[in-house]
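Please read the structure below before turning to the comments.
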Amino acid sequence: HKKLSLEVIYHYYRQHRATDEIRDTDVDDDTTGLSRDLGSELDLVIAWRHSRRISIKASLGVFLPGDAFPSESDETATFAKIKLRYKF
């Protein structure tokens, strides 16, 4: 459909070199410094443009921590956001 778009986005995160901290992020857990594998993320973005003035975008994401995090950090992190845009 012309007014609807769907994106599936995959990210794989690795550190340049293994370290026991992650700087400049909102991540609360520190890494172990034993692995460069930070994890992977899968995002789904659905956008609908009703007209030039009105659009809606829904984003969903899930992050799976990699071996760089301690084993007790195996919980996935999720993200959801809906954005309604109206241009005057």
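The values are calculated or read from the model by the stated rules, or taken from the named source; none is laboratory data. Since the structure is predicted, the reported quantities are computational estimates derived from the model, not experimental observations. Backbone-built Cβ (ideal geometry, glycine too); neighbour counts: all protein chains shown. The accessibility values were calculated without ligands, DNA or RNA, using every heavy atom of the protein model including side chains. Shrake-Rupley method; radii C 1.70, N 1.55, O 1.52, S 1.80 Å.
Things worth noting here:
- Being modelled with pLDDT of 90 or more, touching a Lys or Arg at 6+ places or on another chain (Cβ under 9 Å) and open to solvent by 90 Å² or more (accessible area, probe 1.4 Å) is not true of Arg52.
- Only one of the listed residues (Leu38, Leu42, Leu6) is in contact with a strand residue (DSSP E or B) (Cβ under 8 Å, 6 or more places away or on another chain), open to solvent by less than 70 Å² (accessible area, probe 1.4 Å), in a strand (DSSP E or B) and in contact (Cβ under 8 Å) with a residue 24 or more places away in the chain. That residue is Leu38.
- The set of residues in segment 65-88 that are in contact with a strand residue (DSSP E or B) (Cβ under 6 Å, 6 or more places away or on another chain), hydrophobic (A, V, I, L, M, F, W, C) and within 16 Å of Thr32 (Cα to Cα) contains only Ala68.
- The listed residues are Asp24, Asp20, Asp28, and the only one of them that is on the phi > 0 side of the Ramachandran plot, at pLDDT below 90, open to solvent by 90 Å² or more (accessible area, probe 1.4 Å) and of a type outside the set (Phe, Trp, Tyr) turns out to be Asp24.
- All of Thr78, Thr25 fail the test of being assigned to a strand (DSSP E or B), among the hydroxyl-bearing types (Ser, Thr, Tyr) and under 19 Å from the mean Cα position of the chain (by Cα), apart from Thr78.
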